[in-house]
Amino acid sequence: MANSGCEDLRGQEGESFLYFAYGSNLLTERIHLRNPSAVFCCVARLQDFKLDFGNSQGKTSETWHGGIATIFQSPGDEVWGVVWKMNKSNLSSLDESFA
């Protein structure tokens, strides 16, 4: 993926927000299904977090019939993902995709 002009991510304001994605939302086609405004910014690393599968109580999802990707604080670990720049109009559809 080419960088789309998000070299300096600080101070991004206005009608957009930055979203750190991992799991299935790494895939362009997947994120664009419900969030068409998403523009790839960069590959990113989230320090002191760990990728796991299940919900916050460690249980599997009845909807997905298994564990869903989640992250939790874990000193010394890291999660790699990507940053998408998205229009604020996509906030509700992004929230719904995790319901």
Note on the stretch 16-96: alpha-carbon gyration tensor, axes a ≥ b ≥ c; rule is a/c under 1.5 for rounded, else prolate if a/b larger than b/c, else oblate; result oblate
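As an exercise, use a Förster radius of 25 Å and the Cβ-Cβ distance of LYS88 and GLN47 to find the FRET efficiency, rounded to the nearest 0.05.
Working: r = 27 Å, r/R0 = 1.06.
Taking R0 as 25 Å, the efficiency between LYS88 and GLN47 is 0.40.
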For the pair LEU27 and GLN73, the simple spin-label estimate (label points 7 Å beyond Cα toward Cβ) gives in nm 3.3 nm
Residue by residue through the stretch 25-30, the couplings from Karplus 6.51 cos²θ - 1.76 cosθ + 1.60 with θ = phi - 60°, in Hz, x for Gly and Pro, are 7, 6, 7, 3, 4, 5
Karplus ³J(HN,Hα) for the stretch 85-93 (6.51 cos²θ - 1.76 cosθ + 1.60, θ = phi - 60°; Hz, whole; x = Gly/Pro) runs 9, 10, 6, 4, 5, 8, 4, 5, 5
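All of the numbers you see were taken from the coordinates with simple rules; none came from a lab. What you are looking at is a predicted structure, and each value in this text was computed from that prediction instead of being measured. Virtual Cβ from ideal backbone geometry, glycine too; neighbours counted across all protein chains shown.
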